[in-house]
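Encoded as C-alpha cells, the structure appears first; notes follow it.
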Amino acid sequence: MRKFKTKLPSPKITFDRVGQVWFTLREVIILIYRGNPKLLTLVFVLNAIWGLSSVPTFYLEKLIIDKLIAGSGSGDWRPILYSVLILVVLSLVLSLFRNFLSSYIGYLRRNLSRFFDAEIDALIGKKMTELDLSTIENPDFKDRFNKVERESGQRAWQLMMPLSDIPNYLIGFITATLVLIFVSPLVSLGVILFSLPRFFINSRFIKKEYELHGQLSPLHRIWGWISYYLRRNRNYMEMKILGLPDYLTKKMKATIEIILEKRMEMSKRREISSFVGFLPLNFYELIISSFLVVWVIVGKITVGSFQLYLRSLRSAEQNLSSLVSSFLEIYENYIYVTDLVWLLGLEAEENKGVRKEKIEYKEISIEFRNVWFKYNKDQKWILKDVNFLIEPGEKIAIVGENGEGKSTLIKILAGFYTPDKGEVIVCGKNLKELDLSQWRNRLAVLFQEFELYPFTVREAIGYGDINRMDDLQAIEKAAEKTGIDGFINELPLKYENPLSPDFERGVHPSIGQMQRIGISRMLFREKARVLILDEPTSSVDPKAEARIFNELVEISKDKLLIFVTQRFSSVRIADKIFVVAGGKIAETGTHQELMQLNKRYAKLYNLQAEGYRL
Ligand SMILES: Nc1ncnc2c1ncn2[C@@H]1O[C@H](COP(=O)(O)OP(=O)(O)OP(=O)(O)O)[C@@H](O)[C@H]1O
Ligand SMILES: [Mg+2]
C-alpha cells in the first residue's frame, strides 16, 4: 500500500482540442459498450438508418414534382394522378416509418442512458471499495472524487444524446453530399469549406469554456458544499442553533449569481459568433440556389431535381453543423470524463505486487517491531518506534489519551496502512507479504466509527458473516449476548425491522443500542480468530458493559482479543495492558503491575476513580 506523498497520478491526455474530443468520445463509447453492447449497437444502427432515410424522402418529392409538371396541361390526367398517388403513398409510408423510428430511437436512448447511469454508479461504488484507504483519504482524491460523484447523474444523459446522434448526422451528411456530387463535386466541397468558419469559431469557444470552467470551479465547489449542508439533515439541529440556514442560503445565491452571470455572458458571445459563423454558408446557399435556378431555366435540370438538390444542400449543411455541435457537446463533458476515467483507472496498491502468501492461522501471534508511522509527509510521526508482542490467546487492552494513535495502531494491524519503518509480524511472517483478504477473514473488527447498515436488524448483525446470513438462530444468539435482543423483540417487525426512519416502520436506535448491535455483529463472525474492538462500549450503560465484556472473555477463550477503551472498569479482564503515549507503548503490564509502577496508567486510573468518588 502506498501513501500519497506526492500528487495523484493523472491519465495521459493530450491537450490538443481534437485529441480531447476524441478521448471523450472513445472513453464514453467504451464505457457504454461495456455496460450494454447490444443496446448501444442497436441505437447506433437505427440512428444511421434514420440518417440514411432522408435522401429517399427528397427523391420521392422530386419525382412527384416532376410528374406533376410533366403532366400539367396534358389532356389525360388519369395516368399522372395514379402514378403521383402511388408516389404520395410511398412518401407517406416513408414518413410514417421515420416517425416510428424516431420514437423508437428515443425510447432506446432513454433506456441506454439509464443503463449508463447505473453502470457508472456500480463501477464507481466498486472502485471505491477496492482502493487503498490512504488513496481515499487523500484531499486531492477527495476533491476529484466529489466532482465525479456530484455530476455523474446528469452527465450520463448529456453524453448519451449527442453521442447517439452522431451516426445519424454523419450518414445524413454523407448521403446528402453524395447527391450534390451529381450537380458538381465542387458543390459538395463548398459545403465543407464554407462550414469551416463556424467550426473554427466554435472550437475557439471550446477553449474559452474550458478556461471558464476552471475559473468557476472554486465557486462551484462552494455552491456544492453549501447545498450539501443545507440538504443533509444530519447537522440540522446544530445549524438551526447557529442560525446558519439563512446566512448560507444567501451566500449560495450570491455564488450562483456570479456563476450564472459569467456563463450567460459566455453563451451570448458564443451565440453571436455562431450566427456570424453561419453567414458564409447562408451566402453560399444563395449562390448555389441562383445557379440551380439558371439551370432549371435553361432546361438542364428539372424543377424536381432543383428541389432535390436544394433540399440535399440544406440537409448537408444542417447535418454538418449538428455533427459539429454534437462533438462540442461531448467535449463539454471532457473534464468529467477525464476524472471518471482517472478514477476507474486507479488501482489499489494492495492488489498489486507480492502480497500473496496464504498461511494457516492457527496459533495467532502479532508483533510490532520498531513501527514508525505518519499519515502524510508533512505531518508529525503518529507512531514512533512501537514495539510489542501479542501471544496466542492473550487479551489486550489498549489505553491512552485522545489522539495518541490507538485507532491508528488497529488500522495498521488490519493492513489498511503500512508502517513507514519497521514491521508488523503476524504468525512469524511480515504482514506485507501475506494475502490481506485471507488475513482480514480472520479478523472481526469493530471500528470506532462503524457502520450500522440500516436495512434490517437481521442484516445489520448478519453482515458479520454474509455466508450465514440466513441463520436467524445464530443471529438471535449474537443479539442476546449483548442484551440487545430485548430491544429487537419489541420492534414491530423484530429481526426484519429496518434500522432507519428512511424505511417504513424503521426505527432510529440510540448510540448505545447501535454499539450493541455492532458488537453483536462482531460476535456473529465466529470464523474470526482475532477480535478487535475500538472503544466498543463508550456509549453503553455500565450494566450492559459488564455483561458484554463477560461475553467477550467467554468467546475469546481460544482467540486473540484486543480492545481499546477509555473506561478502566473493563480493563481488568485484560492479560496485558498497553498504554499508548508519545507515539510509543509507554507502559505494558497487568492492572496490578501498572498500578504498582505508579506512573501514567496509575495516574489515569486514579483520575477516573476519583471522579467516581466525588
Ligand atoms: N486519516 C487520517 N489522516 C491524517 N491524520 C490522521 C488520520 N487519522 C488520524 N489522524 C491523526 O493521527 C493521530 C492519532 O489518531 P488516532 O485516531 O489513532 O488516535 P486515538 O488514540 O484513537 O484517539 P481517540 O482516543 O480520540 O480515539 C491524531 O493526531 C489524528 O489527528
Ligand atoms: Mg481512536
inquiry  = Restricting to segment 499-534, give me the number of residues that are within 16 Å of ligand 1 (Cβ to nearest atom) and crowded, with 19+ Cβ neighbours inside 10 Å.
reply    = 5
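Let's see how each residue does on (1) modelled with pLDDT under 90; (2) surrounded by 16 or more Cβ atoms within 10 Å (Cβ to Cβ):
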{"site": "28", "(1), (2)": "yes, yes"}
{"site": "67", "(1), (2)": "yes, yes"}
{"site": "77", "(1), (2)": "yes, no"}
{"site": "91", "(1), (2)": "no, yes"}
{"site": "95", "(1), (2)": "no, no"}
{"site": "105", "(1), (2)": "no, yes"}
{"site": "108", "(1), (2)": "no, yes"}
{"site": "119", "(1), (2)": "yes, yes"}
query = When you look at residue 181, is it over 29 Å from the mean Cα position of the chain (by Cα), open to solvent by 50 Å² or more (accessible area, probe 1.4 Å) and not polar (S, T, N, Q), yes or no?
reply = yes
note = The condition of being touching a residue at least 12 places away in the same chain (Cβ under 8 Å) and either under 30 Å from residue 384 (Cβ atoms) or under 40 Å from the mean Cα position of the chain (by Cα) (or both) holds, among 602, 528, 544, only for 528
ask   = Just one of 590, 565 is more than 16 Å from ligand 2 (Cβ to nearest atom), open to solvent by less than 50 Å² (accessible area, probe 1.4 Å) and among the polar types (S, T, N, Q); which is it?
value = 590
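When only residues in segment 231-241 that are surrounded by 11 or more Cβ atoms within 10 Å (Cβ to Cβ) and assigned to a helix (DSSP H, G or I) count, which is nearest to the chain's Cα centre (by Cα)? I'd like the intermediate steps shown before the answer.
Step one: filter segment 231-241 for residues surrounded by 11 or more Cβ atoms within 10 Å (Cβ to Cβ), giving 235-236, 239.
Retained after the next criterion (residues that are assigned to a helix (DSSP H, G or I)): 236, 239.
Working: 236: 26, 239: 28 Å.
In this case the residue turns out to be 236.
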key: Among the residues listed as 189, 170, 180, 163, the single one being modelled with pLDDT of 85 or more, assigned to a helix (DSSP H, G or I) and under 21 Å from residue 338 (Cβ atoms)   = 163
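Let's see how each residue does on (1) closer than 20 Å to residue 173 by Cα; (2) surrounded by 11 or more Cβ atoms within 10 Å (Cβ to Cβ):
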| residue | (1), (2) |
| --- | --- |
| 267 | no, yes |
| 285 | yes, yes |
| 291 | no, yes |
| 295 | no, yes |
| 298 | no, no |
| 303 | no, yes |
| 311 | yes, yes |
| 314 | yes, yes |
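So that you can scan it fast, the table gives a plain yes or no per residue for (1) in contact with a strand residue (DSSP E or B) (Cβ under 7 Å, 6 or more places away or on another chain); (2) without any contact (Cβ under 8 Å) to a residue 12 or more places away in the chain; (3) within 30 Å of residue 225 (Cβ to Cβ):
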site: 81; (1), (2), (3): no, yes, no
site: 107; (1), (2), (3): no, yes, no
site: 112; (1), (2), (3): no, no, no
site: 115; (1), (2), (3): no, no, no
site: 142; (1), (2), (3): no, yes, yes
message = Show the residue pairs meeting these rules: Cβ distance below 9 Å; 6+ apart or different chains; first residue within segment 405-434 and within 16 Å of ligand 2 (Cβ to nearest atom) and of a type in the set (Gly, Ala, Ser); second residue open to solvent by less than 50 Å² (accessible area, probe 1.4 Å) and assigned to a loop (DSSP other than H, G, I, E, B).
response = 405/382; 405/583; 407/535
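The values are calculated or read from the model by the stated rules, or taken from the named source; none is laboratory data. In this text the structure is predicted, and so the values were computed from the model without any measurement. Positions of Cβ are generated from backbone atoms using ideal geometry, with glycine treated the same way; all protein chains shown enter the neighbour counts. Note: areas computed on protein heavy atoms with side chains; ligands, DNA, RNA excluded. Shrake-Rupley method; radii C 1.70, N 1.55, O 1.52, S 1.80 Å.
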